[in-house]
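As C-alpha cells, the structure follows; a few thoughts come after it.
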C-alpha cells in the first residue's frame, strides 16, 4: 500500500478488505482520518465531496478498533442517519468490510424485520445503523436494558450532518447523544460526515453544544472540479404554452439513452416534467426511461428507481425533489439538470456531486429558467427576471465554494417537550435541575436561560403534560401519558394526515388530506395518469385507476429560504454588465434588459417601484426580514404579499414615511409579538401558553432586530 502509514494502523481484517477492493492507496481523507480516530481524542468533522470517501474514512478505523478491542459488552459504534434509505445503503456498503473484520453490523429502523432486531438486541455487537426516531424508541421502550446494550459504545457517527443542523431532528439527535453520555457516564467520540458545510467552526460547536470536548475539522474539499455548466432560459411561446413543455423536449433530446438526474423545486413540477418526458418516449415508440422520485411516493416506487439507476442496465433518468440529494448510492449519472432557480448553494453542490464520478468524466449541470419579462402584463418582479438572476447568483457563489450557514434561530420548544417526556419515561422521574443540566447546559438548548425553562415547565404543568411531586420530582401527567403512548411520539416533526393512494392492489404513495378531492378527478402521480375511483374517508384511502389524462395535485410545503448573501449578490449583479460564460444567448439578452429596467427605475436607490395601485418594495435581505416587514404592513392595515426579494403592498407611500411607521410598531412596548395571531409551530407546541407560543413563532419566523436595522438605514439614508 505504498508509503501509507495509516494503512499499517488498520486491523488485519480491514487491511484484507482494502486489498480485495484493488486499491493502490487510501484516499487523502482516509489517510488523514485514520490516525486521528485511532490515536487521537475528541470530536471530528469530516468534509469531503460527494463520493469522496467520507464513509470509509470514518469506518475503516472504527471497524479496526472494533476488531482489535472486541468486547461482549454491547454495540461499539452507532451511526445516526437522517434517512432509512441511507441506512440500507450504508449497510450494503459496509457489510463486507465488517465481515472481513469479524465485526457485526445491524440496520435498525421501522422497515427492518423484527427477527433482525431481536437477534441484534440479544447479542449486541459491532455497529448499529439507526435513525434518531428508532434510538428515541429504545429510550422509551427499553429503559432497563439500554445501558447494558451500549456498555462498549465508543463512537457516534452522524451521516449527512448538514441535514440535521438547525432542524428539529438535529435537536432531537443531539439531545439523544447527550443522554447516551449521561447514561454511560462518559464522553463519546462524535464524528460528523458532510459534503456541504460552509462554516466548520459553527458545525463543530453544534456537534458538541457545551464545548466540553475539542473538535477537529478534517477538510479535503480542495479537489479540482471538472465541470460543464449551462444556464438556459426559455421565452413564452405563442398560445401561452408553458415553458415547461419546451424544457421537457430539450431534456428528452439531451438525456435519453443515459442515466441522469433532473431536480425540480416542487413535487408538482416533478410530476408534470415526468409526464411530459414519458409522453415523449411514447410518441417516439421508445420504452419509458423517465421516472418520478419524491417523498410522497411509496417506498417501493422510490426503491425501484434507485435500484435501476444503480444497476445501470437500462437508461434511467430520475426526476426528483431533494429526495435524491443526500448520499444514496445510485451509481454514476452522466448529468444533473435543475428546473428553475435553485434556492441555495448547498443543494446545488450536493446535487452536482452526483455527476462525473467516473475518472476523467466531467460533472455536467444544466439550469433551465423560464423567462417572465415577456409574458402578457408583466409586473416589476417579472421585468427584473428574478429567477434568472437568483440562478446566476447561486451558481456563482457555489463555484466560489461558498455555502450558506443553516438558520439556527428556531427555539424548537416542541422537541424540548418531547425530550422532557422521553427522559421521564426512561428514568421514571427527574428533577427540573437535572433536566435543565442535560438539555440546556450540556445539550442543544444551550441558549435557554433557567427562567425560560421554568416557564415552559409551568406551561406543561397547567396543561397536565407534566406534574411535580412534593419532593420536586417531575412525572408524566395524564395528557403527557397520551402523548408518550402515541406511535407518533418518537418523531420530532409533525406527520401530516394523508390519503393513501392505491391502484391495482399496490400502494402508490400519499397525498395530504388538506386538499379536497372528488371521485372522477384526474391526477398525475408517480409520472402516470390516474382517475379517482373512490375515496374512503374513514381509512383515508383513495382508489385510482389508469386514465388518459391527468393533472398534478397540490402537495403543500414551503419553498426553501434564500440567504441574504444570495440576495446581495443578485443586487450587485443588476449593477454590473458581466454575463457569465455559462449563460446562453437568451439569458444574456434577458439579463441586459432586466439591468436596463433596474437602472431606469433607480431600484438601487429608491427600492420602491410603483405599478398602478401597487408598490413593489425590493428588499435584498433574507426571507425572515422580508416576512417581518410584510407582517408589519399587514398590522398597519395594508394588504401585503411577498414575491421573491420583494414585498408587494397596496397604497404605496414614500419609503421613509412608511419605514418610520413600521419602525414605531417594532419598537413599541407591546411590539409585534403581542399583536400577531398565535400560531403553534411544532407538534407539541399546543400544550404551551399563548405568550410562549407567540414568542417562539416570532423568534423563528421573523427577525425583528435586523428588520429594525434595515428600516432605520432607509430613514438615515440622505436624499440623492
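Bear in mind that the values in this text are calculations on the coordinates, not laboratory data. Treat the numbers as computed from the prediction; the structure is a model and nothing was measured. We place every Cβ from the backbone using ideal geometry, glycine too, and count neighbours over all the protein chains shown.
What base-10 log of the normalised intensity I(q)/I(0) is obtained for the range 82-210 from the Debye formula, alpha carbons as equal point scatterers, at q = 0.14, 0.16, 0.18, 0.23 Å⁻¹?
-0.65, -0.87, -1.11, -1.68
Grab the DSSP H runs of the chain that are 4 residues or longer, score each as -39,500 (n - 2.57), total them, divide by all residues and round the 222 nm result to the nearest 500 deg cm²/dmol.
It comes out at -12500 deg cm²/dmol, rounded to the nearest 500.
Arranged by the count of other C-beta atoms within 10 angstrom, fewest first, what order do 84, 376, 186 take?
Final ranking by Cβ density, sparse to dense: 376, 186, 84.
Below 8 Å, C-alpha to C-alpha, sequence gap of six or more: please give me the relative contact order for the chain in percent.
12 percent.
In nm, to one decimal, how far is the modelled label at residue 706 from the one at residue 199, with both set 7 Å along Cα→Cβ?
Label-label distance for residue 706 and residue 199, simple model: 1.0 nm.
For the range 199-274 and the range 358-390, compute the distance between their C-alpha centroids and round to whole Å.
Using only Cα atoms to place each centre, the spacing works out to 13 Å.
Using alpha-carbon pairs under 8 Å, 6+ residues apart, how would you state the relative contact order of the range 498-546 in percent?
Across the range 498-546, relative contact order equals 37 percent.
Could you list 358, 16, 256 in order of exposure, starting from the residue whose Cβ has the fewest other Cβ atoms within 10 Å?
Ascending number of Cβ neighbours within 10 Å: 358, 16, 256.
If the chain between residue 332 and residue 210 were fully stretched, how many nm would it gain, using 0.36 nm times the residue separation less the Cα-Cα distance?
39.9 nm
Please find the FRET efficiency linking residue 19 to residue 657, where r is the Cβ-Cβ separation and R0 is fixed at 60 Å, and quote it to the nearest 0.05.
0.20
Could you estimate the translational diffusion coefficient of the range 602-716 from the Stokes-Einstein equation, with Rh from the Kirkwood formula over C-alpha pairs, at 25 °C and 0.890 mPa s, in whole µm²/s?
My calculation gives 166 µm²/s for D.
Taking the Cα-to-Cβ direction at residue 481 and at residue 70 and moving 7 Å from each Cα, how far apart do the two end points lie in nm?
Result: 4.8 nm between the two label points.
So how far apart, in nm, are the two label points at residue 577 and residue 228 if each is 7 Å from Cα heading toward Cβ?
3.2
Across 5 Å bins from the origin, how do the percents of Cα pairs in the range 494-559 run, short distances first?
4, 17, 31, 28, 13, 5, 1, 0
Where the Cα atoms of the range 413-485 are projected onto their three principal axes, how long is each span, largest first, in whole Å?
Projected onto the principal axes, the Cα atoms of the range 413-485 cover 30, 25, 21 Å.
Relative contact order for the range 291-423: what is it in percent, counting Cα pairs under 8 Å that are at least 6 residues apart?
20
With a ≥ b ≥ c taken as the square roots of the eigenvalues of the C-alpha gyration tensor of the range 3-112, please select rounded if a/c is under 1.5 and otherwise prolate if a/b is larger than b/c or oblate if it is not?
Cα axes put the range 3-112 in the rounded bin.
Kindly put 354, 709, 567, 548 in sequence by how many other C-beta atoms sit within 10 Å of each C-beta, fewest to most.
Placing the least packed residue first, the sequence is 548, 709, 567, 354.
Give the share of C-alpha pairs in each 10 angstrom bin for the range 227-382, from 0 to the last occupied bin, in whole percents, shortest bins first.
So the P(r) values, bin by bin, are 11, 41, 35, 11, 2.
If you average the alpha carbon positions of the range 628-645 and of the range 70-95, how far apart do those two centres end up, in angstrom?
If we compute the Cα centre of each part, the gap is 48 Å.
Taking the structure as given and computing Cα extents along the principal axes in Å, which label from (i) 91, 65, 45; (ii) 75, 68, 59; (iii) 70, 61, 54 fits?
(ii)
Measuring from the lowest to the highest alpha carbon on each principal axis, how far does the range 263-348 reach, largest first, in angstroms?
Dimensions of the range 263-348 along the principal axes of its Cα atoms: 38, 26, 25 Å.
Between residue 533 and residue 117, what FRET efficiency comes out of the Förster formula 1/(1 + (r/R0)^6) with R0 = 45 Å and r the beta carbon distance, rounded to 0.05?
My answer for the efficiency is 0.75.
Hey, with R₀ at 60 Å, roughly what FRET efficiency would residue 249 and residue 441 work out to, going by the Cβ-Cβ distance, to 0.05?
0.50
If you stretched the chain out fully between residue 361 and residue 473, how much longer would it get, using 0.36 nm times the residue separation minus the C-alpha to C-alpha distance?
Value of the extension gain: 34.1 nm.
Could you tell me, in Å, what Rg and Dmax come out for the Cα atoms of the range 153-285?
23.0, 71
Please work out the C-alpha center-to-center distance from the range 1-30 to the range 549-624 and express it in whole Å.
50
By how many nm would the segment from residue 12 to residue 667 grow when fully extended, if each residue of separation counts as 0.36 nm and the alpha-carbon distance is taken off?
So the chain would gain 229.1 nm between residue 12 and residue 667.
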